[in-house]
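Below: the structure, in structure tokens.
The values are calculated or read from the model by the stated rules, or taken from the named source; none is laboratory data. As the structure is a computational prediction, the values presented were derived from the model and not from experiment. As a convention, Cβ positions derive from the backbone with ideal geometry for all residues, glycine included, and neighbour counts pool all protein chains shown.
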Amino acid sequence: NSQSYNARYSRDNDGKSVEEQQGVSGSLLETYRKLIALRKANAALRRGDFTSATVGDTHIWAFTRQYAPDAGTGQTLLVAINVGGWDITTNINISHLVVPSAGAEVRDVTNGVLQTTLTNANKGGYSVTVPRYGYRVLSIGVSSGTPPELNVVDGLDIINSLSPAGVDVLQDTPTNQGDNSCELNRLLLKPRADGLLIGITGNLATDGRALALFVQSGSNGQSTINTSTMVAPPSGLKELTGLKFDAGFAPDHLFFLNTYGGTMYVDYLSLPSSGPGVKTYLGNNAVNSHSPTLTGGDNPYGIQASFDNTNTAGITGSSISGAPTATKGLEVLIPWPALGLSNGCGATFRVAAGIVLNDGTVTNQWLPGIGGSMNNIGIAPNLASVPGTQHATLNLAYTVTDATSALRMAAGLTQAGTDKYPCYNLDGVKGIGVGDAVLILNRALLNP
């Protein structure tokens with residue numbers, strides 16, 4: 001439009017350059033960062049077939065994107081963009097979609113809110129309200145469609161749910177805790193628009209043995225664990241005091257999960273650089289319920305966790321060859337604010353996980369693996385003495401210093417450090433005006 005065209009050049013101190021818009025909520029730059037993260041979090045926006053939709057108002061442009069892979073889950077999205085300066089409620093014709101007789105669930109992928117059910121009766125004129133100069137992205141459960149990636153934390157199909165993963169580590173050590181009882185097969189990390197998604201395929205015995213998940217998102221954690229003030233339950237947590245990590249790994253977050261009696265209990269510990277950890281009980285849910293919601297605790301950031309404990313694949317007590325075949329286990333979604341971040345861009349994450357006995361003994365089931373030893377690592381072990389590196393690293397930092405590279409990065413044309421997530425650090429970049437940024441929107445929503 002003429003406004004964007006006239007504003008295409010930025011000048012010093014006019015508030016239009018990338019440098020001046022960084023971190024300003026609602027600015028064009030931050031809005032496009034949100035859009036690009038949305039695109040990366042939804043396969044249909046990247047790879048889906050495009051079909052234009054007829055709209056009852058000329059100020060609304062709408063289309064569907066349908067993604068139906070040969071394997072794994074698909075997705076159907078309805079996108080509506082309002083180029084008018086006022087909120088508009090209009091009908092969109094999406095009669096080309098095949099809708100089940102019972103109707104299809106519609107959900108806003110930006111906030112998870114359910115919308116009016118799509119039916120064969122209303123698909124010829126589905127009512128949508130789009131804010132002024134804004135957009136709506138709705139997930140529709142039809143044909144190849146499923147609820148959006150942002151809402152799936154269920155412990156099922158973990159490999160596909162976290163694909164493409166920023167980190168993917170296979171177990172290198174057979175379990176000494178019982179095949180299909182206590183085993184960790186694979187560790188995957190995936191940054192999403194809403195937080196860091198962690199998947200661990202395997203099993204956990206329901207006798208109180210725990211899965212300890214250590215996460216470093218900052219620089220002020222504990223290289224030697226101090227849980228000396230902890231009181232059971234859960235068992236084994238206090239005895240972690242003295243556990244020493246590899247050089248370079250100082251987690252500031254610990255998630256301690258156990259599946260006692262068929263219920264998964266989740267405790268969270270903040271690990272300060274000095275003094276003991278501070279514990280918060282996040283809540284619980286039923287094992288194999290495939291629900292991500294934790295109840296009965298204090299969970300202000302809405303951390304999600306779900307455990308499917310029915311895995312029969314993966315490693316055994318004598319072989320690691322089956323590690324890639326396990327697909328079920330634990331999924332945890334940690335919202336960025338829970339990690340002290342507004343988003344993951346520019347951050348480096350380090351993660352490790354291990355199965356811990358009731359007396360605090362760290363078993364041989366640790367990811368990344370310990371190199372094949374069938375002996376437990378022990379009580380308060382020194383992991384620096386174990387060959388190899390016993391933590392995984394996900395680097396989302398990426399720096400560019402010129403306008404062309406910044407635009408290419410923001411538009412997803414260039415992949416970031418781990419080749420999985422379009423993070424970019426635009427500190428020092430100048431010369432990108434408001435009009436230029438329209439290129440980003442087109443790339444983010446339309447092109448694969």
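Just a few scattered comments:
- Pairs meeting the criteria (first residue in segment 255-268 and at positive phi, second residue of a type outside the set (Phe, Trp, Tyr) and in a strand (DSSP E or B), beta carbons under 9 Å, at least 6 apart or on different chains) are Gly262/Ala286.
- Selection within segment 76-100 - in contact with a Pro (Cβ under 8 Å, 6 or more places away or on another chain) and closer than 11 Å to Phe63 by Cβ: Leu77
- Tyr301 crowded, with 17+ Cβ neighbours inside 10 Å, among the aromatic types (Phe, Trp, Tyr) and either without any contact (Cβ under 8 Å) to a residue 60 or more places away in the chain or in a loop (DSSP other than H, G, I, E, B) (or both): no
- Remark: pairs (first residue in segment 105-119, farther than 18 Å from Ala37 by Cα; second residue part of a loop (DSSP other than H, G, I, E, B) and charged (D, E, K, R); Cβ separation under 9 Å; 6+ apart in sequence or on different chains) = Leu114/Glu105; Gln115/Glu105; Thr117/Glu105; Leu118/Glu105.
- Taking first residues from segment 375-391 that are more than 17 Å from Thr173 (Cα to Cα) and partners that are acidic (Asp, Glu), the Cβ contacts under 8 Å between residues at least 6 apart in sequence or on separate chains come to Ile379/Glu239; Ile379/Asp359; Ala380/Glu239; Ala384/Asp246.
- Test: residue in segment 46-63 that is of a type in the set (Lys, Arg), modelled with pLDDT of 80 or more and either exposed (fewer than 15 other Cβ atoms within 10 Å of the Cβ) or assigned to a helix (DSSP H, G or I) (or both): yes
- Listing of strands (runs of 3 or more DSSP E) fully contained in segment 82-144 that carry 1 or more residues being over 20 Å from Phe50 (Cα atoms) and in contact with a His (Cβ under 7 Å, 6 or more places away or on another chain): 88-93
- Evaluating Ser289 against the criteria (1) over 14 Å from Ile334 (Cβ atoms); (2) touching a Leu at 6+ places or on another chain (Cβ under 8 Å) leaves one unmet condition, (2).
- When segment 33-85 is filtered for residues that are free of Cβ contacts under 8 Å to residues at least 12 places away in the same chain and farther than 20 Å from Thr129 by Cα, only Asp70 remains.
- Members of segment 256-266 that are assigned to a strand (DSSP E or B) and out of contact with any Phe, Trp or Tyr (no Cβ under 6 Å at 6 or more places or on another chain): Phe256, Leu257, Thr263, Tyr265, Val266
- Flag if Ile334 is modelled with pLDDT of 60 or more and either farther than 23 Å from Pro324 by Cα or crowded, with 22+ Cβ neighbours inside 10 Å (or both): yes
- Residues in segment 337-362 that are crowded, with 23+ Cβ neighbours inside 10 Å and not in a strand (DSSP E or B): Gly344 alone.
- Counted residues, segment 209-228 - those being farther than 19 Å from Gly344 by Cα and in contact with a Leu (Cβ under 8 Å, 6 or more places away or on another chain): 9
- Residue check for Ser306: in the same structural domain as Ser235 (by the TED database) and in a loop (DSSP other than H, G, I, E, B): no
- Among (1) in a loop (DSSP other than H, G, I, E, B); (2) more than 19 Å from Asn376 (Cβ to Cβ); (3) of a type in the set (A, V, I, L, M, F, W, C) - the single one Ile198 does not satisfy: (1)
- Filter pass, Thr327 being closer than 13 Å to Leu184 by Cα and touching a Pro at 6+ places or on another chain (Cβ under 9 Å): no
- Residue that is of a type in the set (Val, Ile, Thr), closer than 25 Å to Pro191 by Cβ and modelled with pLDDT under 95, where the choices are Thr280, Thr293: Thr293
- Of note, Leu204 satisfies the criterion of being buried (at least 22 other Cβ atoms within 10 Å of the Cβ), touching a Cys at 6+ places or on another chain (Cβ under 8 Å), at pLDDT 95 or above and closer than 17 Å to Thr361 by Cα.
- Asn185 closer than 22 Å to Gly329 by Cα, modelled with pLDDT of 95 or more and outside the structural domain of Val109 (by the TED database): yes
- Any hit, segment 181-194, residues being buried (at least 21 other Cβ atoms within 10 Å of the Cβ), without any contact (Cβ under 8 Å) to a residue 40 or more places away in the chain and closer than 21 Å to Lys40 by Cα: yes
- Per the conditions (1) modelled with pLDDT of 95 or more; (2) crowded, with 19+ Cβ neighbours inside 10 Å, the sole criterion not satisfied by Leu162 is (1).
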